[in-house]
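A.B. asks: My questions all concern the structure below.
Read-outs: derived from the displayed coordinates by stated rules, not from any lab. In this text, all values refer to a predicted model and were calculated from it rather than measured experimentally. Cβ placement follows ideal geometry from the backbone for every residue including glycine, while neighbour counts extend to all protein chains displayed.
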Amino acid sequence: FDPRHYLGTHHYGFPKTGPHRLRFLLESLKDLRETLRKKGSTLVVRKGKPEDVVHDLITQLGSVSAVAFHEEVREI
């Protein structure tokens, strides 16, 4: 969870993630984690800036050969 996604926008002060979107996200992650567990895998969830969290995970795991990510579309 990137804390920057839960702050007001710079245009009008509206929340980027309201309570309904957050509930949907949490329920989706819970379902994904359960599906992965049934297949013998897991889901790692962290809070922080992705550029810091991913670096820390790579350091912690030690033998990472590739990293893939998705960048959100930004408003112009």
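A.B. asks: Going by amide H atoms built from the backbone, whose H comes under 5 Å of the H on Asp2, apart from near neighbours?
C.D. replies: Long-range HN contacts for Asp2: Gly48.
A.B. asks: Using θ = phi - 60° and the Karplus relation 6.51 cos²θ - 1.76 cosθ + 1.60, list the HN-Hα couplings for region 27-40 in order, rounded to whole Hz, with x at every Gly or Pro.
C.D. replies: 5, 5, 5, 4, 5, 4, 4, 5, 4, 5, 4, 5, 9, x
A.B. asks: Then there is this: Can you work out ³J(HN,Hα) from phi for every residue in region 62-67, in order, using Karplus 6.51 cos²θ - 1.76 cosθ + 1.60 and θ = phi - 60°, giving whole Hz and x for Gly and Pro?
C.D. replies: With coefficients 6.51, -1.76 and 1.60, one gets x, 10, 9, 9, 7, 9 Hz.
A.B. asks: In addition: Taking a cut-off of 15 Å, what percent of all Cα-Cα pairs in the chain are separated by more than that?
C.D. replies: 70
A.B. asks: First select every other residue whose beta carbon is under 13 angstrom from the beta carbon of His5; then total the charges, Lys and Arg +1, Asp and Glu -1.
C.D. replies: Combined, the nearby Lys, Arg, Asp and Glu give +3.
A.B. asks: I want to check a number: in the chain, how many lysine pairs have alpha carbons closer than 24 Å, given a sequence separation of 8 or more or different chains?
C.D. replies: Pairs that pass both the separation and distance tests number 7.
A.B. asks: While we're here: DSSP loop GluC sites (Glu not before Pro) in the chain with at most 15 other Cβ atoms within 10 Å of their Cβ, which ones?
C.D. replies: Filter output for the chain: Glu71, Glu72, Glu75.
A.B. asks: Could you pull out the chymotrypsin sites (Phe, Trp or Tyr not before Pro) across region 1-65 that fall in loop regions by DSSP (anything but H, G, I, E, B) with no more than 15 other Cβ atoms inside 10 Å?
C.D. replies: Here the chymotrypsin sites (Phe, Trp or Tyr not before Pro) that fit, given the DSSP loop and packing criteria, are Tyr12.
A.B. asks: Hey, what did the chain get for relative contact order, percent, Cα under 8 Å, at least 6 apart?
C.D. replies: 31
A.B. asks: Nothing charged except the Cβ atoms of Lys and Arg (+1) and of Asp and Glu (-1): what's the magnitude of the dipole of the chain about its Cα centre? Round to the nearest 20 debye.
C.D. replies: In debye, rounded to 20, the chain gives about 340.
A.B. asks: Something else about it: Roughly how far apart, in whole Å, are the Cα centres of region 60-74 and region 1-52?
C.D. replies: 16
A.B. asks: Treat each spin label as a single point 7 Å out from the Cα along the C-beta direction, and report the Val73 to Thr42 distance in nm.
C.D. replies: Each label point lies 7 Å from its Cα, and together they span 3.5 nm.
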